Amino acid sequence: MFRDDEVLNLTIPAPKLKRVQMRFCAVPEDDPYARDGGYEYKFFVNANAPNLEKFNVKYLLASYSLKNVKSLSTVELKFKGLHVGENLYFADRIHKLFAEIVNVKYLSILASIVGLRWGTDEKAIICLLGHRNAAQRKEIRVVYEQLYQEDIIKRLESELSVVYHWTLDPTDCDAVLANLVIKKPECNYNVIIEIFSVRCPEELLAVRKSYQLHYKCSLEEDLAQCTNGDIRKLLVALVTAYRCDGNEINVKLANSEANILQDAIKDECFNHEEIIRILSTEMTMATLSASNFLEDGANDFQKALHTAVRCLNDHKKCFEKVLRKAIIGTGTNEDALTRVIVTREEKDLKDIMEVYYKKNSVPLEQAVAQDTSGDYKTFLLSPYSVGKELRSFSVQIRFKFTKFYL
C-alpha cells in the first residue's frame, strides 16, 4: 500500500535493449485507492533505449516516457478497468504515450475504459490550439496533415467555427471573413472596411491572393457583384489600393488633400471622386482632418465613409466600438466579437483592450466573461502558452477528433 507522498520512479537506461515486457501485479478491486486511479498516478516509467524494437505493457497506465526510441516498431498495450471519472491525467498519459509511439509499424491496444463518452472534445481542442501563436498553429497544421493525410482546417470548420478562424493563416482568415459577408443577402460593408483599412499593403495583397486561391474569383469581382453605386466605388478602391503606410509625410500634399476633403464634406458632396481617391491612398493628415468634419451619415454610403475615416484615422478606437456594440445590449454579436479578437490578438489587442477600459471602465476580459458562456467563452479567454512539442499536439488533436473522448 502506498502512502499519499510515495511515488515509484522506474528508470531504464539501456542503450542495447531491444525488447521490454512490463507486467504489473493486479490490485484488489475492493481497494478504493485503486478504483480512483491512485496507483497509476504514482507510477513513472522512463526508458532511454535507442535500439528498442518491441514494447509490451499490461494492466497499468503509468506515466511512460520513451526517449530516443527511433528503432521502435512494435507496441502492444493492454489496460484493464481504467476508471476515467474526473481524473484528467488519464487522458494526458494516453496522449503522451501516443505521441511517443506514433511512428511504430505495428500497434495493438486493448483497453476497457470506464466513463467513456462519444463526440468531439471541444475543451481539449480549444486548450491545444487556443494557446498557440500563428507560427505554431501553422506548424501543427503541417504536422497533422503529414500524420493523418487530412487538413485539420476542414475538421475544425465543421466542428468549431471560432477555432477554425483562429487556426487559419491570418491572411486566409481575412479572405474567409470577407467572403462570408459578401455571400450574405445583405453585405456588411463595415467588415470589408475594417479588414482593408488597417492592413499594410503587403497584407492586403496577400489577402487578395488568398481569396483568389480559395474561391477561384477575385475579391474585387465578388464585391462588384453584390454592391452598386458609390458603395461599390469606395469598397473596390479600398480593396485594390496600395496605400502608403510609411512614417514620412509630404506635408504640402497632405494639407492640400485635407482641404479637398474638408470642402467636399462641407458641401455634402460625399460621393466626390477625390474623397474616395484620397481615402484609398492616404493614411495620414488628410484622414485626420476629415474625421473632424465627417459625421455618421444618414445613408449607407455616408455611414461606410464615416467608418472608413474612423478606421484609417484610429483603428483601435474603431475596434473598441465594434466590441462594445457586440457585447452591450440584448444578446451577443458573436461574429463581430470573434472577428476582432481573432484578427487583432497577435497584433494590437492589448492596446484595444486599454481603449475599451478607458471608454467603459470595465476590463474587456470581464465583459466577455459576463456576456459569453461554454466553450466559446473558454476560447475567447484562452491566453498563449509556448514550449510544448508540436508533434505531440497534432496527435492529441487527432485523438480528440476521434469518436470518443475521456
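See the values below:
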| item | result |
| --- | --- |
| Long-range amide H partners of Y64 with built H, under 5 Å | V45 |
| Heavy-atom SASA rank of H214, H165 (probe 1.4 Å, accessible area, largest first) | H214, H165 |
| Pairwise label distance in nanometres, K78 with Y357, each label 7 Å out on the Cα-Cβ vector | 5.9 |
| Chain lengthening between S71 and Q146 when straightened (0.36 nm per residue, less Cα-Cα) | 25.0 nm |
| Within segment 295-337, GluC sites (Glu not before Pro) in DSSP loop having at most 16 other beta-carbon neighbours inside 10 Å | E295 |
| Above-threshold pairs, the threshold being 30 Å between Cα atoms, out of K54/K138; K183/K325; K183/K317; K16/K123 | K54/K138; K16/K123 |
| Accessible surface of D172 - all protein chains present, 1.4 Å probe, nearest 10 Å² | 30 |
| Solvent-accessible surface (1.4 angstrom probe) belonging to R137, in square angstrom, nearest 10 | 10 |
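The values are calculated or read from the model by the stated rules, or taken from the named source; none is laboratory data. Please read all numbers here as calculations on a predicted model, not as lab measurements. Glycine gets a Cβ as well: all are built from the backbone with ideal geometry, and neighbour counts include every protein chain shown. Side chains are part of the model used for accessible areas, which takes the heavy atoms of the whole protein and leaves out ligands, DNA and RNA. Shrake-Rupley method; radii C 1.70, N 1.55, O 1.52, S 1.80 Å.
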